[in-house]
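No lab work stands behind these numbers, since they all come straight from the coordinates. All values derive from a computational prediction rather than experimental measurement.
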Amino acid sequence: MIKKIVAVISVMISFCLTLCVNAEGISPELNRELINLYPGQSFRLALTDYSGKYVFTTQNAEVATVDPSGNVTGNNVGITEITCTLAGDKELKCTVNVKSGKSPSSVTLDQQIITLTRGESAQLNARVLPQETGNYMNFSSSDESVVTVDQNGTINALHAGTAVITVESESTAVSAGCFVRVLSDDSDSEFSTDVSGVLYNASGEKLTNMPIGIFSGDSSAKLTTDSNGQFRFEKIKGGTYVLTVYGKNGSEDGISTNIIVNAKNMRLTCILTDEAVSVMYGSNTVTAGTVRDIRVSQKNIRLNSGETYDISCALTPPDAKDSRLFYRSENTDIADVDSSGRITALNEGGTVIFISSSDGRITEKMTVNVTRYGVGMFGMAIFMMLAFIIILIITAFVYLRKKDYSHEKNTER
């Protein structure tokens, strides 16, 4: 009987261990199947839908190495393969292509704002720094129904609207963007508008009673910020202007930057430092049908590494014409989020997910806390295994006690 009980316990342990392994990931995947790197550049491979043990290995360490956490580092020009071996000897693979040149530190565009009439084209030129970096770049449009862009940076205006052209290095190490506004016809370019904004210093404090002006070849305006650091220039014609912030002592010397007035009811956020003034563009007008508010169903969530979660949002108005949302993770090493709003927990820690409307006016955020192991399916399997073992041990103990008692009775007789 004891042998039978031991056999049953062994079977149950094997069953529960198998359940634990299967519970760790229904269909684990790597976050990339192909990585383009430069010598000295790194990229972190991560597993999704898996929380068990795994081992990373490289086919050729001369080309690229990988550490136990999945950090891949390019060493020399060539192609190699990174293998991730899971429990049960299942293997996931990623190809690493290490290119010649240096890892880019930045990419810049020769224009940040472009206004076109429908049917027109423009050339957008990108520059990767340092200059000796391999010139691998990828152009993309946020809305190809408004503008398209080819891989040479040629923009074609198709329909009235706005879009953002993004250029990134092929390894996605660095990127830059250009705002494009497409007018329906030539007459749309003749407009005047109010340009308002707020002036801050580098510490985020509003600068009051500061002289500020905008100038172009045929028009100019000058005023002083109010008690809230705000300013408002009225009936400014579309075009390129020089915006200058002067000293409070009335000196004509100031710090200047170029701005482009290319949309109605523009709002500027200006940040003044000792050497420069930075300008961020916005709008005072909420277009009919655009998203005015975003509410997430869960502001704080907790996930186990390998788990996923689909963000659910309520929009105001619910029938907004442009209901597209853009998602971004503050720390992609802890949790990443794709374009559909699916969060993948990667490593233990906390991060913030930002959800923004397509025009960037409205942004909501939620907190994600990731634990290495949790009580989900994996924990339930462990609990089941322990419960079965305890029940069987108690059963065996009761059986043996009863057998000893019967033996004692027979001996007495």
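Per-structure values
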{"quantity": "Too-long pairs where the Cα-Cα distance tops 28 Å, listed order kept, from 99/365; 206/235; 53/93", "calculated": "99/365"}
{"quantity": "³J(HN,Hα), Karplus 6.51/-1.76/1.60, whole Hz, each residue of segment 194-201, x for Gly, Pro", "calculated": "8, 10, 10, x, 10, 10, 10, 9"}
